[in-house]
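The values are calculated or read from the model by the stated rules, or taken from the named source; none is laboratory data. Note that the coordinates shown come from a computational prediction; the quantities given were computed from them, not determined experimentally. Counting neighbours? That spans all protein chains shown, and the Cβs are built from the backbone with ideal geometry, glycine included.
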Amino acid sequence: MGIVARQSIKNFLWSNVGIVLGAFYTFLIIPRVFEENPAQWGLIQLIVYYSQILIPITLLSIPGVIIRFFPSFKKQGRVNDLYSISIAIVAVFALLVAILFAVFRGYLISDKDGVEHLTGYILIVIPVFILSSFYELFAAWSKVNLKSTFPNFLKDSFLKIWNFIIILLFYFHLIQFNTLLTLYFSIYLLQTTLMLIYIKRFERPRLRLNRSVIRTTLKKEHFSYMLFGVMGSASFALMNKVDMIMIGKMLSLQEVAFYSIGLAFVAFIQLPEKSISAISVPTLSHLLEKQDHQGILTLYRKTSINQVVLSGYIFLGVWINIHNIAAYLGPKFGNIEYVVLFLGLAKIVDVFTGLNGTLIGISKYYRASLVMQLILLVLMVATNLVFIPRYGFNGAAFASFISLSLHNIIKTLFVYVKYRIWPFSFKSLLAILIGLSALLLNRFIPEFEGFLADVMIRSSIFSLFYISLVLVLRISGDLNELAGSLIPGRDIKRKHNS
């Protein structure tokens, strides 16, 4: 197995470990830890979200420039120049963004909370996004040297493990809230320091900044790439965070905390999509290069059906137990049924339409991807402005469902117009019917005494029914083949999607 393949597998494992651990403690621990003061968790979430929005603006797509153009700089013997100008640009923009954020911070959080003592902590965003920006810069330097596993470990699993430990310390009253904030966000300093030490082990770039380096290192093509890249990455970051940001401004920090629990369930639902995309994107790129239209169609439909079957299983498994989940979360955090419903449906629509966004993004039509992101951003802001005042954070979830559904319809139609292919087939209809049948079956399952008993029995009946139909009806050839390899003595033949 080659180095790229080995690191791809390790990256996938570390990434998923981080997602699962983060969703686990968000669901099981957070409602207990912050039951008396949910606004504290809302503040932490808002700091993280604002930081994630400011990072791509600060970076100006410099990590992308490093990864894209590193070979040519290395060939010219100008690696140190690239390193130096990258550090300088990120430092300058970090300072500018920090000043702007400090000036306008008063407009970013709702004053309806009655927790003015918490809103002053929003300035923590500044060191967090600055440190994270330099971390991404150093991580890009590591990746161009074919060292991607450690950066991904630091960013995903290491971060979640650290946060989990700090939250437990707070839960057992070993630290106060001020100390919690200090320790919780000190991980970004530790991440960046470890990343810098790591790259010094195999690469020793030197800072060398003078007028010649500033004037001659970056050319027109680099600035063009940076402009397009920062517009794409910034709009992508904002469209994924706008609902939480608008809840924090239009409602309160408590609602931010409650909404974040619903987002944790969506993280579970999208696990299959992340896994399948990691495998499918390189294949899709190869097929596009060969102009293999039939191969693209087959992959397009196969990823769609695999994603909807797996993500649908997780979503339905959560939804049939939503009453148990609400009871466990309690009266404050448990009122998220509609958040889970609408965000879950939005994700199902997204996975159902397959690799439409990826296909556009890596094809010759990649500029259209930015236009569609901007359309989605406008849609999300507009729908949130309409629905949040009327329905609170449930309205934000509904706004996301409407916006993401329209966004995916536009992308799917665009792919059809340009390539004359659909991600849907007769098996797509069967997948929908299986899901609806499983929901209908759930209505006839009585409620059992005890939280764990009801969850286990209900989930077992649902799983047996859902998985049996998927395999018997051969919805996915890949899943049938996988099942055949796991069941001794059974030969479930593979049958390709059509």
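Observations, loosely collected:
- Contacts under 7 angstrom Cβ, first residue in the range 315-328 being over 17 Å from L28 (Cβ atoms), partner surrounded by fewer than 18 Cβ atoms within 10 Å (Cβ to Cβ), 6 or more apart: L316/L439; I320/N442
Residues are listed down the side, and each one gets a yes or a no for (1) crowded, with 17+ Cβ neighbours inside 10 Å; (2) outside any helix (DSSP H, G or I); (3) modelled with pLDDT of 95 or more; (4) touching a strand residue (DSSP E or B) at 6+ places or on another chain (Cβ under 7 Å):
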| residue | (1), (2), (3), (4) |
| --- | --- |
| V371 | no, no, no, no |
| L376 | yes, no, no, no |
| T383 | yes, no, yes, no |
| A396 | yes, no, yes, no |
| T412 | yes, no, yes, no |
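- Filter result for F451 (modelled with pLDDT of 95 or more, at negative phi and touching a helix residue (DSSP H, G or I) at 6+ places or on another chain (Cβ under 8 Å)): no
- Residues that are closer than 23 Å to K302 by Cβ, in a helix (DSSP H, G or I) and among the hydroxyl-bearing types (S, T, Y) within the range 330-365 comprise just one, T358.
- Some residue of the range 465-473 being closer than 22 Å to V351 by Cα and outside any helix (DSSP H, G or I): yes
Rundown of residues vs (1) at pLDDT 80 or above; (2) of a type in the set (S, T, Y); (3) at negative phi, yes/no style:
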| residue | (1), (2), (3) |
| --- | --- |
| Y188 | yes, yes, yes |
| I197 | yes, no, yes |
| R201 | yes, no, yes |
| R211 | no, no, yes |
| V256 | yes, no, yes |
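- Residue list for the range 419-459, restricted to those being outside any helix (DSSP H, G or I), farther than 19 Å from D350 by Cβ and not hydrophobic (A, V, I, L, M, F, W, C): R420, P446, E447, E449, G450
- Verdict on V90 being among the β-branched types (V, I, T), out of contact with any Cys (no Cβ under 9 Å at 6 or more places or on another chain) and farther than 18 Å from L131 by Cα: no
- One residue alone among K241, K302, K219 is touching a residue at least 40 places away in the same chain (Cβ under 8 Å), of a type in the set (D, E, K, R) and surrounded by fewer than 20 Cβ atoms within 10 Å (Cβ to Cβ), and that residue is K241.
- A single entry from P63, P127, P38 fulfils the requirement of being crowded, with 19+ Cβ neighbours inside 10 Å, modelled with pLDDT of 90 or more and either in contact with a helix residue (DSSP H, G or I) (Cβ under 9 Å, 6 or more places away or on another chain) or not charged (D, E, K, R) (or both): P38.
- One residue stands out in the range 272-288 among those that are surrounded by fewer than 18 Cβ atoms within 10 Å (Cβ to Cβ) and of a type outside the set (S, T, N, Q): the one that is modelled with the lowest pLDDT, namely A278.
- Condition met for S498 (over 30 Å from L376 (Cα atoms) and modelled with pLDDT of 95 or more): no
- Among the residues making up the range 320-329, those that are under 15 Å from A264 (Cβ atoms) and assigned to a helix (DSSP H, G or I) are I322, I325, A326, Y328, L329.
- Residues located in the range 380-420, provided they are more than 26 Å from A257 (Cβ to Cβ) and among the hydrophobic types (A, V, I, L, M, F, W, C): L406, I409, I410, L413, F414, V415, V417
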